[in-house]
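Here is the structure we will look at, set down as structure tokens.
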Amino acid sequence: MIKRGARQGIGTLGLSGRYGYRSAADVDDMLALIVEHSEFVDTATVYGDYFSINEALSRHLSKGSSCKLVNKYGANISEPNGLDLLKKEFHDDVELFHIQPPETVLIHRPSTLNINRDVGFYQVVKNVLPNARFGITTNSYVVLSRYLKEMKIDVIQVALNFCDYLQNRSLLALARDNDITVQARSVLGSGLLSGTYDDQTVTGLNDPLRGRFTETDVNYEVVKKRLSTVVHLRSIFEIFKDTLKTRDVTFSQFVYALSCYIDEVDEVITGGSRVSQILENISIPEALDENFIKNTLDDQFFIKCSAPYI
């Protein structure tokens with residue numbers, strides 16, 4: 001029996017320059033592909049080292065587009081009294097995306113220190129976009145618990161991959177108990193689970209986003225531990241290819257596809273920093289064999305994949 005997995009979208013962080021310089025023309029091409037082929041696009045007001053990703057994205061979204069917008073706010077606003085700054089960021093984006101306003105509004109870096117500010121922001125969002133989903137990006141059980149006492153949370157965006165699943169189980173259970181949609185991002189662990197690297201060849205990780213991975217011996221050892229998960233995943237990948245009788249699925253497509261069947265995950269955000277990667281990630285299998293999923297995603301699988309966070 002074939003089973004449909006989580007809703008799939010693509011994030012724009014990889015286009016922003018965090019993985020190295022990308023020209024405006026390349027970014028424009030990638031955004032066009034994302035909007036045409038993806039169910040939703042995940043972005044943030046701060047994305048873009050050389051230009052605004054959101055300004056470029058707004059030129060591609062049109063009224064009635066099937067690609068919905070998930071937008072994050074407040075990444076660089078750490079002050080507890082920064083509500084006016086948050087409101088300006090939000091109102092500027094609502095004007096920018098007036099043709100297709102966000103389906104989902106997320107607070108980028110929530111904190112219990114900023115709860116009063118964020119309650120005010122929640123009220124602003126609900127007044128302007130009453131039908132939008134509202135949520136936070138967090139891997140903290142404490143933060144989610146605190147925010148739930150003050151506002152209705154519809155969505156949480158979690159950095160979640162097979163290495164980190166067990167560490168986040170209590171958070172995911174809390175989300176499920178409160179009917180909160182779970183979006184999984186960083187599914188490839190910033191590329192460590194893409195199949196490009198293994199624990200014997202930890203090289204090429206010196207871009208702005210991943211420079212910390214090898215800057216100390218401790219970090220280097222954690223990275224090697226996380227990369228050892230790839231060995232286990234590759235053995236399952238070979239079974240997967242034999243089961244589907246296909247050789248057309250890449251390793252990273254497989255990891256993304258399998259992540260769509262984690263019980264607590266409702267939406268999966270893929271990514272990419274090159275046109276070839278975007279093309280690959282808009283072609284991820286949407287349905288997998290139910291028996292294969294049942295025989296793969298058990299407790300032993302997650303125990304074998306578990307590794308320290310970096």
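Computed from the coordinates by the stated procedures, all read-outs in this text should not be read as laboratory data. Fair warning: this is a prediction, and the values are worked out from it, not measured in the lab. No Cβ is skipped: glycine too gets one built from the backbone with ideal geometry, and neighbour counts run over all protein chains shown.
The figures follow:
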{"quantity": "Nearest-ten-degree value, helix 217-244 long axis tilted from longest Cα axis of the chain", "calculated": "70 degrees"}
{"quantity": "Dipole in debye (nearest 20) - segment 1-103, about Cα centre, beta carbon charges: Lys, Arg +1; Asp, Glu -1", "calculated": "480 debye"}
{"quantity": "Karplus (6.51, -1.76, 1.60) ³J(HN,Hα), θ = phi - 60°, over segment 86-103, in Hz, Gly and Pro reported as x", "calculated": "4, 4, 5, 4, 5, 5, 4, 6, 4, 5, 4, 9, 5, 6, 9, x, x, 6"}
{"quantity": "Dipole-positive endmost among Cys305, Ser276, Cys260 within segment 234-310 (Cβ charges, Cα centre)", "calculated": "Ser276"}
{"quantity": "Lys, Arg +1 and Asp, Glu -1 on Cβ, resulting dipole of segment 94-152 about Cα centre, debye, nearest 20", "calculated": "220 debye"}
{"quantity": "Net lengthening on full extension, Thr112/Ser23 (0.36 nm per residue, minus Cα-Cα)", "calculated": "28.2 nm"}
{"quantity": "Two-site label geometry, Lys225 and Ala32: point separation in nm, points 7 Å out along Cα→Cβ", "calculated": "4.6 nm"}
{"quantity": "Relative packing of peptides 178-185, 147-154 - highest average C-beta neighbours within 10 Å first", "calculated": "178-185, 147-154"}
{"quantity": "Cα-projected label distance for Ser283 with Lys88, points at 7 Å along beta-carbon direction, nm", "calculated": "4.5 nm"}
{"quantity": "Mean separation of Cα contacts under 8 Å, 6 or more apart, over the residue count of the chain: relative contact order %", "calculated": "23 percent"}
{"quantity": "Hz values of 3J(HN,Hα) by residue in segment 113-124 - Karplus curve (6.51, -1.76, 1.60), Gly and Pro given as x", "calculated": "6, 10, 4, 5, 4, 6, 4, x, 5, 4, 5, 4"}
{"quantity": "All lysines inside 26 Å of Lys63 as judged from Cα atoms, apart from same-chain residues fewer than 8 positions distant", "calculated": "Lys72, Lys87, Lys88, Lys126"}
{"quantity": "Placed amide H near Lys68: partners under 5 Å, 5+ positions off or other chain", "calculated": "Phe40, Val41"}
{"quantity": "Sparsely packed trypsin sites (Lys or Arg not before Pro) within segment 222-294, loop by DSSP, other Cβ within 10 Å at most 11", "calculated": "Lys245, Arg247"}
{"quantity": "All aspartates and glutamates inside 18 Å of Lys224 as judged from Cα atoms, apart from same-chain residues fewer than 8 positions distant", "calculated": "Asp164, Asp198, Asp199, Asp207, Glu215"}
{"quantity": "Ranked packing of 95-103, 296-304, most packed first, by mean Cβ within 10 Å", "calculated": "95-103, 296-304"}
{"quantity": "Approximate spin-label separation Glu95-Ser276, in nm, with each point projected 7 Å along Cα-to-Cβ", "calculated": "4.2 nm"}
